[in-house]
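Let me begin by presenting the structure, written as structure tokens, before commenting on it.
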Amino acid sequence: MAISTGGGGAEAPMSDINTTPLVDVMLVLLIIFLIAVPVAIQTIEKLRIPIIESVESKDKVENLLLTVSTTDDSGRSAGEPGFNGASRNGECRVYFNNVTPVDAEELRDQAFKRLDAIVKREGGPEALKNNPEAIPQVHIRGDVDAPWRCVAGAIYNVQISGYPTVGFISNPVDPNG
């Protein structure tokens, strides 16, 4: 690494780039990604999502993601060791942002708080009326074996919280067969 000692007699402007702020920013971004990536990749496994023809939607960060499943025949929830898949006779399980299990009241409260924060950030209801693209949606991943009562309960609770649009996530139809 070279260093300028200022010799040479004449005052000349320094033309070297100061890389210290760049390195600081890069280290901060590295730390943020090290924290955010494990949270982003956590999901509920062993769901059998319906395979239907669907259109890809424009996904926004503000969209609320819900996973709806049930306990298995032994009473274990998705994500627990030994989970054998959802059972039609199991208890409903809803996962907020695909990770946090919530009951009906917690779903309503958390969904309302999330939507309220987004509305305030965007400038209030009037600002959202002028920009409907900024209104967040709810995307539900429902297990094939989850009974309709569980999915309908999740829809009811998020619509009570104020979300106007609810959609479903499915696996697309394989075009090759």
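Restricting attention to region 58-77, which residues are open to solvent by 10 Å² or more (accessible area, probe 1.4 Å) and aliphatic (A, V, I, L, M)?
Those that are open to solvent by 10 Å² or more (accessible area, probe 1.4 Å) and aliphatic (A, V, I, L, M): 61, 65.
Exposed (fewer than 13 other Cβ atoms within 10 Å of the Cβ) and modelled with pLDDT under 90: is that true of residue 175 in this structure?
It is true that residue 175 is exposed (fewer than 13 other Cβ atoms within 10 Å of the Cβ) and modelled with pLDDT under 90.
Kindly indicate whether residue 129 is farther than 25 Å from residue 36 by Cα and assigned to a helix (DSSP H, G or I).
Here the answer is yes, as residue 129 does meet what is asked.
Restricting to region 78-87, count the residues that are exposed (fewer than 12 other Cβ atoms within 10 Å of the Cβ) and at negative phi.
The qualifying residues number 3.
Per-residue answers, yes or no, for (1) open to solvent by 20 Å² or more (accessible area, probe 1.4 Å); (2) farther than 16 Å from residue 64 by Cα:
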{"residue": "97", "(1), (2)": "yes, no"}
{"residue": "100", "(1), (2)": "yes, no"}
{"residue": "109", "(1), (2)": "yes, no"}
{"residue": "113", "(1), (2)": "yes, no"}
{"residue": "123", "(1), (2)": "yes, yes"}
{"residue": "126", "(1), (2)": "yes, yes"}
{"residue": "131", "(1), (2)": "yes, yes"}
{"residue": "140", "(1), (2)": "no, no"}
{"residue": "144", "(1), (2)": "yes, yes"}
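Any idea how many residues of region 146-168 are surrounded by fewer than 16 Cβ atoms within 10 Å (Cβ to Cβ), in a helix (DSSP H, G or I) and among the polar types (S, T, N, Q)?
Residues meeting the conditions: 1.
Take region 71-126 and flag every residue that is part of a helix (DSSP H, G or I) and under 16 Å from residue 146 (Cβ atoms).
Selection gives 104, 107.
The values are calculated or read from the model by the stated rules, or taken from the named source; none is laboratory data. Note that the structure is predicted; figures quoted are calculated from it, not measured. Neighbour counts are summed over all protein chains in view; Cβ atoms, including those assigned to glycine, are modelled from backbone coordinates with ideal geometry. Side chains included, ligands, DNA and RNA excluded: accessible areas come from the protein's heavy atoms. Shrake-Rupley method; radii C 1.70, N 1.55, O 1.52, S 1.80 Å.
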